[in-house]
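Working notes for the structure below.
The values are calculated or read from the model by the stated rules, or taken from the named source; none is laboratory data. Keep in mind it's a predicted model, so treat the numbers as computed, not measured. All Cβ positions, even for glycine, are placed from backbone atoms using ideal geometry, and neighbour counts span all protein chains on display. For accessibility, only protein heavy atoms count, side chains too; no ligands or nucleic acids. Shrake-Rupley method; radii C 1.70, N 1.55, O 1.52, S 1.80 Å.
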Amino acid sequence: MEAYKRWVRRNRDYVRQLSSLASGMTWLLPERFAASEIGPEAVSSIVGMVTTVNEHIIETTPTSVHTSSAETSFLPLSLCLTLLRDLETLIEVVAEQLYGEDKKWNLIALTEAAKVCVRLAVFRTTGYKMLLQGGETENLEHSDDLSPQGNMGHLRKPIQNQGLGVNHPQGLNSWNLEGRAMSALSSFGQNARMVSEPTWLHRVQQQQAILEPPAKIIRNPSLSTFLSEKGIRGGLFVTGETMFVLRPLIYVLLVRKYGTQSWFPWFISLAVDLIGNSMLSATTMSQDSRKDQHFQFSKSEKDELKRRKLLWVLYLMRDPFFSKYTRRRLESTQKTVEPVPVVGFFAEKLIELLIGAQTRYTYMSGS
(Lines give C-alpha, C1' and ligand atoms only; values in the text may rest on other atoms or scores of the structure.)
Protein backbone atom coordinates (compact mmCIF):
# COMPACT_ATOMS: atom_id res chain seq x y z
CA MET A 1 0.00 0.00 0.00
CA GLU A 2 2.86 2.39 0.79
CA ALA A 3 4.38 1.73 -2.64
CA TYR A 4 1.05 2.54 -4.29
CA LYS A 5 0.79 5.77 -2.28
CA ARG A 6 4.26 6.84 -3.39
CA TRP A 7 3.42 6.07 -7.03
CA VAL A 8 0.18 8.07 -6.89
CA ARG A 9 1.91 11.05 -5.28
CA ARG A 10 4.73 11.04 -7.82
CA ASN A 11 2.32 10.82 -10.77
CA ARG A 12 -0.52 12.93 -9.40
CA ASP A 13 -1.22 14.77 -12.67
CA TYR A 14 -1.33 11.57 -14.69
CA VAL A 15 -3.56 9.88 -12.09
CA ARG A 16 -6.01 12.77 -12.10
CA GLN A 17 -6.23 12.88 -15.89
CA LEU A 18 -6.74 9.12 -16.08
CA SER A 19 -9.43 9.25 -13.37
CA SER A 20 -11.26 12.06 -15.17
CA LEU A 21 -11.17 10.14 -18.44
CA ALA A 22 -12.41 6.94 -16.80
CA SER A 23 -15.24 8.77 -15.04
CA GLY A 24 -16.37 10.32 -18.31
CA MET A 25 -16.24 6.99 -20.15
CA THR A 26 -18.55 5.33 -17.62
CA TRP A 27 -21.44 7.47 -18.93
CA LEU A 28 -20.97 5.87 -22.35
CA LEU A 29 -21.34 2.30 -21.07
CA PRO A 30 -24.14 0.39 -22.81
CA GLU A 31 -27.41 -0.10 -20.92
CA ARG A 32 -26.31 2.43 -18.30
CA PHE A 33 -29.82 2.99 -17.03
CA ALA A 34 -31.28 -0.46 -17.61
CA ALA A 35 -32.82 -1.88 -14.46
CA SER A 36 -31.42 -5.35 -15.12
CA GLU A 37 -27.82 -4.24 -15.72
CA ILE A 38 -25.67 -4.16 -12.59
CA GLY A 39 -22.34 -4.38 -14.41
CA PRO A 40 -22.15 -0.79 -15.73
CA GLU A 41 -23.10 0.66 -12.34
CA ALA A 42 -20.57 -1.58 -10.63
CA VAL A 43 -17.85 -0.32 -12.97
CA SER A 44 -18.91 3.27 -12.35
CA SER A 45 -18.87 2.77 -8.58
CA ILE A 46 -15.45 1.12 -8.62
CA VAL A 47 -14.01 3.92 -10.76
CA GLY A 48 -15.52 6.51 -8.42
CA MET A 49 -14.12 4.82 -5.30
CA VAL A 50 -10.65 4.46 -6.82
CA THR A 51 -10.72 8.13 -7.82
CA THR A 52 -11.78 9.12 -4.30
CA VAL A 53 -9.00 7.09 -2.67
CA ASN A 54 -6.40 8.51 -5.06
CA GLU A 55 -7.49 12.07 -4.32
CA HIS A 56 -7.28 11.35 -0.60
CA ILE A 57 -3.73 10.00 -1.02
CA ILE A 58 -2.70 13.10 -3.00
CA GLU A 59 -4.27 15.54 -0.55
CA THR A 60 -2.60 13.87 2.45
CA THR A 61 0.90 14.10 1.00
CA PRO A 62 3.35 14.87 3.85
CA THR A 63 4.77 18.38 3.61
CA SER A 64 7.83 17.83 5.81
CA VAL A 65 9.94 15.11 7.33
CA HIS A 66 8.22 15.00 10.70
CA THR A 67 4.74 14.74 9.22
CA SER A 68 5.44 11.48 7.42
CA SER A 69 4.66 9.50 10.54
CA ALA A 70 1.58 11.55 11.33
CA GLU A 71 -0.67 9.93 8.75
CA THR A 72 -3.68 8.40 10.34
CA SER A 73 -4.23 4.67 9.95
CA PHE A 74 -8.00 4.96 9.86
CA LEU A 75 -10.32 6.42 7.25
CA PRO A 76 -11.56 9.93 8.03
CA LEU A 77 -15.31 10.41 8.20
CA SER A 78 -15.31 12.70 5.18
CA LEU A 79 -13.69 9.97 3.07
CA CYS A 80 -16.25 7.44 4.33
CA LEU A 81 -19.04 9.75 3.17
CA THR A 82 -17.54 10.06 -0.31
CA LEU A 83 -17.07 6.30 -0.63
CA LEU A 84 -20.65 5.75 0.49
CA ARG A 85 -21.86 8.23 -2.11
CA ASP A 86 -19.93 6.32 -4.80
CA LEU A 87 -21.62 3.09 -3.71
CA GLU A 88 -25.21 4.29 -3.28
CA THR A 89 -26.18 4.07 -6.97
CA LEU A 90 -24.95 0.48 -7.16
CA ILE A 91 -26.89 -0.27 -3.97
CA GLU A 92 -30.04 1.17 -5.53
CA VAL A 93 -29.65 -0.87 -8.74
CA VAL A 94 -28.99 -4.11 -6.84
CA ALA A 95 -31.93 -3.48 -4.50
CA GLU A 96 -34.24 -2.80 -7.45
CA GLN A 97 -33.26 -6.01 -9.19
CA LEU A 98 -33.44 -8.19 -6.08
CA TYR A 99 -36.49 -6.71 -4.32
CA GLY A 100 -38.37 -4.73 -6.97
CA GLU A 101 -39.26 -1.07 -7.45
CA ASP A 102 -41.26 -0.71 -4.23
CA LYS A 103 -39.01 -2.67 -1.86
CA LYS A 104 -35.82 -1.00 -3.02
CA TRP A 105 -36.65 2.01 -0.85
CA ASN A 106 -35.93 -0.05 2.27
CA LEU A 107 -32.26 -0.41 1.32
CA ILE A 108 -32.09 3.20 0.14
CA ALA A 109 -33.46 4.31 3.52
CA LEU A 110 -30.75 2.32 5.31
CA THR A 111 -28.11 3.97 3.13
CA GLU A 112 -29.46 7.45 3.89
CA ALA A 113 -29.64 6.62 7.60
CA ALA A 114 -25.96 5.62 7.55
CA LYS A 115 -25.10 8.92 5.85
CA VAL A 116 -27.09 10.82 8.47
CA CYS A 117 -25.16 9.15 11.29
CA VAL A 118 -21.78 9.87 9.71
CA ARG A 119 -22.70 13.49 8.95
CA LEU A 120 -23.92 14.12 12.47
CA ALA A 121 -20.67 12.63 13.75
CA VAL A 122 -18.70 14.97 11.46
CA PHE A 123 -20.84 17.90 12.63
CA ARG A 124 -20.04 17.08 16.25
CA THR A 125 -16.33 16.33 15.87
CA THR A 126 -15.70 19.57 13.94
CA GLY A 127 -17.11 21.68 16.76
CA TYR A 128 -20.49 22.27 15.08
CA LYS A 129 -19.16 23.91 11.94
CA MET A 130 -21.10 24.03 8.70
CA LEU A 131 -20.84 20.85 6.63
CA LEU A 132 -19.13 21.64 3.33
CA GLN A 133 -20.23 19.45 0.42
CA GLY A 134 -22.40 17.50 2.83
CA GLY A 135 -19.43 16.75 5.10
CA GLU A 136 -17.19 15.42 2.32
CA THR A 137 -14.94 18.50 2.48
CA GLU A 138 -13.22 19.51 5.71
CA ASN A 139 -14.19 22.88 7.13
CA LEU A 140 -10.78 24.27 8.07
CA GLU A 141 -12.03 27.68 9.14
CA HIS A 142 -10.88 28.47 12.70
CA SER A 143 -12.98 30.44 15.12
CA ASP A 144 -11.70 33.82 16.22
CA ASP A 145 -13.08 33.19 19.69
CA LEU A 146 -10.28 30.80 20.54
CA SER A 147 -7.38 32.72 22.03
CA PRO A 148 -4.21 31.20 23.48
CA GLN A 149 -4.22 33.89 26.11
CA GLY A 150 -7.25 32.39 27.76
CA ASN A 151 -5.21 29.69 29.45
CA MET A 152 -2.22 31.89 30.28
CA GLY A 153 -3.76 33.91 33.06
CA HIS A 154 -2.14 31.84 35.79
CA LEU A 155 1.40 32.53 34.57
CA ARG A 156 3.39 35.11 36.48
CA LYS A 157 4.44 38.03 34.26
CA PRO A 158 7.88 39.52 34.72
CA ILE A 159 8.24 43.15 35.73
CA GLN A 160 10.93 45.04 33.92
CA ASN A 161 13.21 47.06 36.18
CA GLN A 162 14.02 50.02 34.02
CA GLY A 163 16.82 51.08 36.28
CA LEU A 164 18.87 47.86 36.21
CA GLY A 165 17.55 46.24 33.01
CA VAL A 166 16.75 43.02 34.89
CA ASN A 167 13.47 41.06 34.93
CA HIS A 168 12.12 40.67 38.45
CA PRO A 169 9.45 38.19 39.47
CA GLN A 170 6.15 39.83 40.25
CA GLY A 171 5.74 40.69 43.89
CA LEU A 172 9.40 41.56 44.61
CA ASN A 173 10.23 45.19 45.30
CA SER A 174 13.02 46.20 42.93
CA TRP A 175 14.33 48.80 45.41
CA ASN A 176 14.48 46.27 48.24
CA LEU A 177 17.98 45.01 49.07
CA GLU A 178 16.82 41.41 49.28
CA GLY A 179 15.03 41.74 45.96
CA ARG A 180 18.11 43.12 44.21
CA ALA A 181 20.20 40.27 45.62
CA MET A 182 17.75 37.63 44.38
CA SER A 183 17.68 39.26 40.95
CA ALA A 184 21.45 39.30 40.76
CA LEU A 185 21.66 35.61 41.68
CA SER A 186 19.00 34.73 39.12
CA SER A 187 20.78 36.69 36.40
CA PHE A 188 24.11 35.07 37.30
CA GLY A 189 22.56 31.61 37.11
CA GLN A 190 21.09 32.25 33.66
CA ASN A 191 24.40 33.59 32.33
CA ALA A 192 26.33 30.65 33.77
CA ARG A 193 23.93 28.21 32.09
CA MET A 194 24.29 29.93 28.71
CA VAL A 195 28.09 29.77 28.96
CA SER A 196 28.20 26.12 30.06
CA GLU A 197 26.00 24.84 27.23
CA PRO A 198 27.87 24.23 23.94
CA THR A 199 26.98 26.13 20.78
CA TRP A 200 26.04 23.01 18.83
CA LEU A 201 23.36 22.22 21.41
CA HIS A 202 21.73 25.60 20.80
CA ARG A 203 21.68 24.95 17.04
CA VAL A 204 20.11 21.52 17.54
CA GLN A 205 17.48 22.97 19.84
CA GLN A 206 16.67 25.73 17.35
CA GLN A 207 16.34 23.26 14.45
CA GLN A 208 14.16 20.99 16.54
CA ALA A 209 11.93 23.92 17.47
CA ILE A 210 11.52 24.80 13.77
CA LEU A 211 10.81 21.23 12.62
CA GLU A 212 8.59 20.35 15.57
CA PRO A 213 6.60 23.37 16.65
CA PRO A 214 4.65 22.97 19.88
CA ALA A 215 1.30 21.35 19.26
CA LYS A 216 -1.68 23.57 19.79
CA ILE A 217 -4.48 21.61 21.39
CA ILE A 218 -7.92 22.88 20.44
CA ARG A 219 -10.81 21.20 22.15
CA ASN A 220 -14.08 21.31 20.27
CA PRO A 221 -16.94 22.62 22.38
CA SER A 222 -19.81 20.42 23.46
CA LEU A 223 -23.31 21.15 22.23
CA SER A 224 -24.33 22.80 25.50
CA THR A 225 -21.20 24.96 25.48
CA PHE A 226 -21.75 25.94 21.86
CA LEU A 227 -25.37 26.91 22.48
CA SER A 228 -24.50 28.87 25.61
CA GLU A 229 -21.79 30.81 23.77
CA LYS A 230 -23.70 31.46 20.53
CA GLY A 231 -27.10 32.08 22.06
CA ILE A 232 -30.31 31.91 20.05
CA ARG A 233 -28.53 32.22 16.72
CA GLY A 234 -26.39 29.22 17.60
CA GLY A 235 -29.56 27.23 18.21
CA LEU A 236 -30.91 28.32 14.82
CA PHE A 237 -27.65 27.30 13.16
CA VAL A 238 -27.61 23.84 14.75
CA THR A 239 -31.28 23.31 13.87
CA GLY A 240 -30.75 24.42 10.27
CA GLU A 241 -27.76 22.13 9.78
CA THR A 242 -29.60 19.21 11.37
CA MET A 243 -32.55 19.75 9.02
CA PHE A 244 -30.15 19.77 6.06
CA VAL A 245 -28.69 16.46 7.22
CA LEU A 246 -32.07 14.81 7.90
CA ARG A 247 -33.89 16.04 4.79
CA PRO A 248 -32.84 13.16 2.41
CA LEU A 249 -33.80 10.52 4.98
CA ILE A 250 -37.17 12.19 5.60
CA TYR A 251 -37.86 12.27 1.87
CA VAL A 252 -36.93 8.60 1.37
CA LEU A 253 -39.09 7.45 4.29
CA LEU A 254 -42.07 9.40 2.95
CA VAL A 255 -41.57 8.05 -0.58
CA ARG A 256 -41.33 4.55 0.88
CA LYS A 257 -44.73 5.07 2.50
CA TYR A 258 -46.65 7.18 -0.03
CA GLY A 259 -44.94 6.33 -3.34
CA THR A 260 -43.05 8.39 -5.91
CA GLN A 261 -46.20 9.86 -7.49
CA SER A 262 -47.44 11.44 -4.27
CA TRP A 263 -46.98 15.18 -3.80
CA PHE A 264 -46.66 14.86 -0.02
CA PRO A 265 -42.98 13.76 0.08
CA TRP A 266 -42.10 16.36 -2.57
CA PHE A 267 -43.66 19.25 -0.64
CA ILE A 268 -42.35 18.12 2.78
CA SER A 269 -38.82 17.80 1.44
CA LEU A 270 -39.01 21.26 -0.13
CA ALA A 271 -40.40 22.72 3.09
CA VAL A 272 -37.56 21.22 5.14
CA ASP A 273 -35.03 22.72 2.72
CA LEU A 274 -36.64 26.16 2.81
CA ILE A 275 -37.05 26.26 6.59
CA GLY A 276 -33.52 24.98 7.24
CA ASN A 277 -31.99 27.51 4.84
CA SER A 278 -34.05 30.31 6.42
CA MET A 279 -32.70 29.38 9.86
CA LEU A 280 -29.13 29.45 8.59
CA SER A 281 -29.69 32.82 6.94
CA ALA A 282 -31.25 34.20 10.12
CA THR A 283 -28.03 33.59 12.06
CA THR A 284 -26.27 36.43 10.22
CA MET A 285 -29.13 38.95 10.12
CA SER A 286 -29.45 41.96 12.43
CA GLN A 287 -26.71 40.98 14.85
CA ASP A 288 -27.29 43.71 17.39
CA SER A 289 -26.49 41.93 20.63
CA ARG A 290 -22.87 41.73 21.73
CA LYS A 291 -23.16 38.02 22.44
CA ASP A 292 -24.10 37.06 18.87
CA GLN A 293 -22.05 39.67 17.04
CA HIS A 294 -19.17 37.30 16.26
CA PHE A 295 -21.38 34.63 14.63
CA GLN A 296 -20.53 35.05 10.94
CA PHE A 297 -19.99 32.69 8.01
CA SER A 298 -16.69 32.35 6.20
CA LYS A 299 -16.36 32.59 2.43
CA SER A 300 -16.40 28.81 2.02
CA GLU A 301 -19.52 28.56 4.16
CA LYS A 302 -21.25 31.26 2.11
CA ASP A 303 -20.36 29.33 -1.03
CA GLU A 304 -21.84 26.23 0.57
CA LEU A 305 -25.13 28.05 1.15
CA LYS A 306 -25.19 29.04 -2.52
CA ARG A 307 -24.50 25.45 -3.54
CA ARG A 308 -27.40 24.20 -1.43
CA LYS A 309 -29.74 26.69 -3.08
CA LEU A 310 -28.62 25.49 -6.52
CA LEU A 311 -29.58 21.95 -5.49
CA TRP A 312 -33.21 23.09 -5.35
CA VAL A 313 -33.22 22.81 -9.15
CA LEU A 314 -33.33 19.03 -8.65
CA TYR A 315 -36.92 19.36 -7.46
CA LEU A 316 -37.80 19.87 -11.14
CA MET A 317 -36.37 16.41 -11.81
CA ARG A 318 -38.19 14.56 -9.03
CA ASP A 319 -41.53 12.89 -9.35
CA PRO A 320 -44.34 13.78 -9.50
CA PHE A 321 -43.20 17.19 -10.80
CA PHE A 322 -40.98 15.61 -13.46
CA SER A 323 -43.60 13.27 -14.91
CA LYS A 324 -46.30 15.94 -14.96
CA TYR A 325 -44.36 19.00 -16.12
CA THR A 326 -40.60 18.68 -16.75
CA ARG A 327 -40.74 15.60 -18.99
CA ARG A 328 -43.43 17.10 -21.18
CA ARG A 329 -41.35 20.25 -21.60
CA LEU A 330 -38.28 18.22 -22.51
CA GLU A 331 -40.14 16.13 -25.06
CA SER A 332 -41.68 19.20 -26.68
CA THR A 333 -38.23 20.82 -26.87
CA GLN A 334 -36.83 17.69 -28.49
CA LYS A 335 -39.54 17.75 -31.18
CA THR A 336 -38.89 21.43 -31.81
CA VAL A 337 -35.13 21.10 -32.42
CA GLU A 338 -35.30 17.65 -34.06
CA PRO A 339 -35.26 18.99 -37.66
CA VAL A 340 -32.00 20.85 -37.03
CA PRO A 341 -29.23 18.45 -38.18
CA VAL A 342 -26.56 18.74 -35.47
CA VAL A 343 -28.50 20.44 -32.69
CA GLY A 344 -31.32 17.94 -32.96
CA PHE A 345 -28.96 14.97 -32.57
CA PHE A 346 -27.20 16.32 -29.46
CA ALA A 347 -30.49 17.52 -27.94
CA GLU A 348 -31.97 14.05 -28.36
CA LYS A 349 -28.99 12.41 -26.65
CA LEU A 350 -29.00 14.97 -23.83
CA ILE A 351 -32.72 14.58 -23.15
CA GLU A 352 -32.38 10.81 -23.28
CA LEU A 353 -29.58 11.02 -20.72
CA LEU A 354 -31.63 13.28 -18.43
CA ILE A 355 -34.68 11.02 -18.59
CA GLY A 356 -32.52 7.97 -17.87
CA ALA A 357 -30.75 9.64 -14.95
CA GLN A 358 -34.07 10.71 -13.47
CA THR A 359 -35.01 7.09 -12.91
CA ARG A 360 -32.24 6.81 -10.30
CA TYR A 361 -32.98 8.37 -6.95
CA THR A 362 -29.30 8.75 -6.10
CA TYR A 363 -28.65 10.98 -9.13
CA MET A 364 -31.42 13.40 -8.17
CA SER A 365 -31.28 13.16 -4.37
CA GLY A 366 -28.92 16.10 -3.82
CA SER A 367 -27.65 14.45 -0.65
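Using label points projected 7 Å from each Cα along Cα→Cβ, tell me how many nm separate T239 and T359, to one decimal.
4.2 nm
Normalising by the residue count of region 222-338, find the relative contact order in percent from Cα pairs under 8 Å and 6+ residues apart. Present the calculation step by step, with values, prior to reporting the outcome.
Working: 76 pairs, mean separation 34.3, N = 117.
With pairs under 8 Å counted, the relative contact order is 29 percent.
Quick one: pull the percent of accessible area on region 295-343 belonging to carbon and sulfur, 1.4 Å probe, ligands and nucleic acids left out. Before the final figure, lay out each step's value.
Values: 2010 of 3340 Å².
Roughly 60 percent of what the probe reaches on region 295-343 is carbon or sulfur.
Pull out the extension gain between F264 and R219, defined as 0.36 nm times the separation in residues minus the alpha carbon to alpha carbon distance; nm, one decimal.
Working: separation 45, 0.36 × 45 = 16.20 nm, distance 4.26 nm.
Result for the pair: 11.9 nm of gain on full extension.
With each label point set 7 Å from Cα along the Cα-Cβ vector, what nm distance links L98 and V43?
2.3 nm
If the limit is 20 Å between Cα atoms, which of K230/K309; K5/K129; K129/K306 go over it?
Working: K230/K309 25 Å; K5/K129 30 Å; K129/K306 16 Å.
Exceeds cut-off: K230/K309; K5/K129.
Working out 0.36 nm times the residue gap between E229 and T137, then minus their Cα-Cα distance, what length gain in nm do you get to one decimal? Present the calculation step by step, with values, prior to reporting the outcome.
On the way: separation 92, 0.36 × 92 = 33.12 nm, distance 2.55 nm.
Going from the current span to full extension adds 30.6 nm.
So which trypsin sites (Lys or Arg not before Pro) in region 218-247 are both in a DSSP loop and have at most 12 other Cβ atoms within 10 Å of their Cβ? Don't jump to the answer; show the numbers that get you there.
Numbers: sites: R219, K230, R233; in loops: R219.
Of the trypsin sites (Lys or Arg not before Pro), the ones in loops of region 218-247 whose Cβ has at most 12 other Cβ atoms within 10 Å are R219.
Taking 0.36 nm per residue of sequence separation and subtracting the Cα-Cα distance, how much length would be gained by fully extending the chain between A271 and E352, in nm to one decimal? Walk me through the numbers before you get to the answer.
Numbers: separation 81, 0.36 × 81 = 29.16 nm, distance 3.00 nm.
Additional length available on full extension: 26.2 nm.
Can you give the local net charge around L311? Use residues other than it whose beta-carbon is closer than 12 angstrom to its beta-carbon, Lys and Arg +1, Asp and Glu -1.
On the way: positive: R247, K306, R307, R308, K309, R318; negative: D273, E304.
Once positives and negatives cancel, what remains is +4.
With all protein chains present, how much of the accessible area of region 101-140 (probe radius 1.4 Å) comes from carbon and sulfur, to the nearest whole percent? List each step's numbers first, then the result.
On the way: 1110 of 1840 Å².
Whole-percent figure for carbon plus sulfur exposure: 60.
If you count, for each residue, the other Cβ atoms within 10 Å and average over each peptide, how do 342-352, 125-135 line up from highest to lowest? Kindly include the intermediate steps, with their values, before the conclusion.
Working: 342-352: 12.8, 125-135: 19.4.
The packing order, highest mean first, is 125-135, 342-352.
Using 1/(1 + (r/R0)^6) with R0 = 35 angstrom and r between the beta carbons of V340 and Y14, what's the FRET efficiency to the nearest 0.05? Can you show the working numbers first?
On the way: r = 40 Å, r/R0 = 1.13.
Efficiency at R0 = 35 Å is approximately 0.35.
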